[in-house]
Every structure is written in C-alpha cells, then in structure tokens.
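In what follows, a single structure is set out as structure tokens and then discussed.
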Amino acid sequence: MKYYLTFTLIVFTFFFSVECKGWGLLGHRVVGEVASKHLNETARHKVQSVLGNRTLAEVSNWMDEIKSDKKYDSLKPWHYVTIPDGMKYSETNINPKGDVIFGINFVVEQLKKGELDPQLEKEYLMILVHLVGDVHQPLHVGNGKDRGGNDVKVSWFGENSNLHKIWDSEIIDGKKYSYTELTAIINHPTHEELVEWQSDSVEDWAHQCMVFRDDIYNYETGYAWEYKYQYAQWGTLKKQLLKGGVRLAGVLNDIYG
C-alpha cells in the first residue's frame, strides 16, 4: 500500500501552471484549528496518533509546501475545480486529471478503508486537511474565465496583486490576527449550523461557493477601494473559514470516530 499514492500520482500527472494557494498560511491554519475544536474523542486520539506531535493547523499547508517537489506535481489540479455559471459539477466537463472534489472524495475513501502504511495515511490526512480548506475559498471554484481570479489584476494598498491573491491571503493577513486569535473570533457555530454544514456533500460545498462569485467580482477600484472591499467581504470570508473547519471535523469524525 505504501506505493499506492505514488502510483496514483503518476496516473494523474500533468502540467499545471495556475497559481492556486488556497487560503494562504493563515487561512488554512484557521480551518485546521477550527476542526480540532469539533473532533469527537475517538477521532481526536486517532488524528494525534497519525500526525504524532503535529496539529491539524500545523500540517494544513503541507500540500502547498510540496509544490516544490516534482514527485507531487500531479496533485496540483486537486486544489481547485471549474464550474461555469449556471451549471452543476455533474454537468461540467470534469477534468480527467482530477480536481478538488475528486481529491477530497479519493482520500476520504482511502482513509475509510484503513490498514494503510503509516506514512501514506499521514499524507492522505494532510492532503484532506488542505483540500477541505481550498474548496471553501470561493475562487477555488472557478468560472473557467480567468483562472480563479488570477487574471484579474488590481493594485492592493499600492502593491500589484490580483483578485485570487486578495481572497487567498491579503484580506486575512491585513487583519493582523494570529490563526488562534481568528479561530477564537469565528468559532461560534450554532448546533443547527453544525448539523446542516456537516450533512452537505462535497459537491454541495463547491456549489455553495458559486453563490458568492457575483459579489466577489463586484468592485470598483479607486481611492481607498480596498477598505470598502474588505469590509464588504469579511463576513463571507469568516463564514467560509468556519464552514471549512466544521466540515473537516465532520469528515474526520466520520472516518475515525
């Protein structure tokens, strides 16, 4: 089993040049930290046994870190999915090389089977933590027109940027919170929200991101536009981080609980 991931990666290898980094360091750590607060006792112990002395927050960016290792090149398309406006995932030309929905479903299936080589199980778990974060960043559910906002070039507080990068990291980083501070700020889901969010499918997660796209692209640059934009988007961004963490916990409880 220890070579199964490597074999799968070879099967899905292809060249991918789009810059997709998910939530950035802080956002992914928040998703992992939120998840750690909602694990049941059995899942918490199992996750700890798989990761050793590392936390879900600490390993949440592993999948971005390995982009420098060609052995993992085929994982790059797993960070995103393209669903044009007015369509469902099942209606699209699904990428045969994989996407974030495929990636999540694949690693969940493998983890549920159990009896994995310890290193392979650890890698699957780290992949899962990252991908659940990615699919909750609305621009990782792209419309197929501008590489998830990467081609939408703007100036952000005097620096060259793009819409994707603004959502990945610049709004969050501008708040100057640590990941534990931001987790404490957002981690107040109601019982009803926990039940609802954890009952949705992975495809549902992606479809729900599409609802935000019109608003995300609705901006007018000019003097101090950045303040207006981040104020308007902050609530959505926080809710997506919270949903990602709650849903990651639900998946891990299902696998290990």
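Annotations for the structure displayed:
- Taken together, the criteria exclude Tyr80 from residues that are over 15 Å from His130 (Cβ atoms), among the hydroxyl-bearing types (Ser, Thr, Tyr) and surrounded by 18 or more Cβ atoms within 10 Å (Cβ to Cβ).
- Where helices (runs of 4 or more DSSP H) fall wholly inside segment 23-123, the ranges with 3 or more residues that are within 21 Å of Lys165 (Cβ to Cβ) are 24-36, 62-65.
- When Asp200 is tested against (1) without any contact (Cβ under 8 Å) to a residue 60 or more places away in the chain; (2) open to solvent by 60 Å² or more (accessible area, probe 1.4 Å), exactly one condition is not met: (2).
- Residue satisfying all of: in segment 203-215; out of contact with any Pro (no Cβ under 6 Å at 6 or more places or on another chain) and open to solvent by less than 30 Å² (accessible area, probe 1.4 Å); farthest from Gly86 (Cα to Cα) among these: Trp205
- Candidate set: segment 176-185, residues that are β-branched (Val, Ile, Thr) and more than 13 Å from Trp234 (Cβ to Cβ); chosen: the one most open to solvent (accessible area, probe 1.4 Å): Thr180
- Segment 223-244 residues that are at pLDDT 95 or above, paired with ones that are of a type in the set (Lys, Arg) and open to solvent by 20 Å² or more (accessible area, probe 1.4 Å) (beta carbon under 9 Å, 6 or more apart): Gln230/Lys175; Trp234/Lys175
- Flag: Asp173 does not match the condition of being open to solvent by less than 60 Å² (accessible area, probe 1.4 Å), within 17 Å of the chain's Cα centre (by Cα) and charged (D, E, K, R).
- Residues being open to solvent by 30 Å² or more (accessible area, probe 1.4 Å), over 30 Å from Asn40 (Cα atoms) and in a loop (DSSP other than H, G, I, E, B) are represented in segment 154-170 by at least one member.
- Cross-chain or 6+ apart pairs with Cβ under 7 Å, segment 105-125 first and touching a residue at least 24 places away in the same chain (Cβ under 8 Å) and under 14 Å from Leu248 (Cα atoms), then among the β-branched types (Val, Ile, Thr) and surrounded by 14 or more Cβ atoms within 10 Å (Cβ to Cβ): Asn105/Val202; Val107/Ile127; Val108/Val251; Val108/Ile255; Leu111/Ile255; Tyr124/Val107; Leu125/Val50
- Filtered residues of segment 183-225 (kept if in a loop (DSSP other than H, G, I, E, B) and of a type in the set (Ser, Thr, Tyr)): Thr190, Ser201, Tyr217, Tyr219, Thr221, Tyr223
- Matching option when the condition is modelled with pLDDT under 95 and either surrounded by 17 or more Cβ atoms within 10 Å (Cβ to Cβ) or within 27 Å of Leu242 (Cβ to Cβ) (or both), among Ser74, Ser60, Ser49: Ser74
- Which numbered condition Gly149 fails, given (1) under 19 Å from the mean Cα position of the chain (by Cα); (2) at negative phi: (2)
- Odd one out for Gly103 among (1) out of contact with any Phe, Trp or Tyr (no Cβ under 6 Å at 6 or more places or on another chain); (2) modelled with pLDDT of 95 or more: (1)
- If the condition is being over 18 Å from Gly27 (Cα atoms) and hydrophobic (A, V, I, L, M, F, W, C), then segment 50-65 contributes Val50, Leu51.
- Qualifying positions in segment 217-243 - open to solvent by less than 60 Å² (accessible area, probe 1.4 Å) and among the acidic types (Asp, Glu): Glu226
The values are calculated or read from the model by the stated rules, or taken from the named source; none is laboratory data. This one's a predicted model, so the numbers in the text were calculated from it and none came from an experiment. Cβ coordinates were reconstructed from backbone atoms using ideal geometry, including for glycine residues, and neighbour counts include every protein chain displayed. For accessibility, only protein heavy atoms count, side chains too; no ligands or nucleic acids. Shrake-Rupley method; radii C 1.70, N 1.55, O 1.52, S 1.80 Å.
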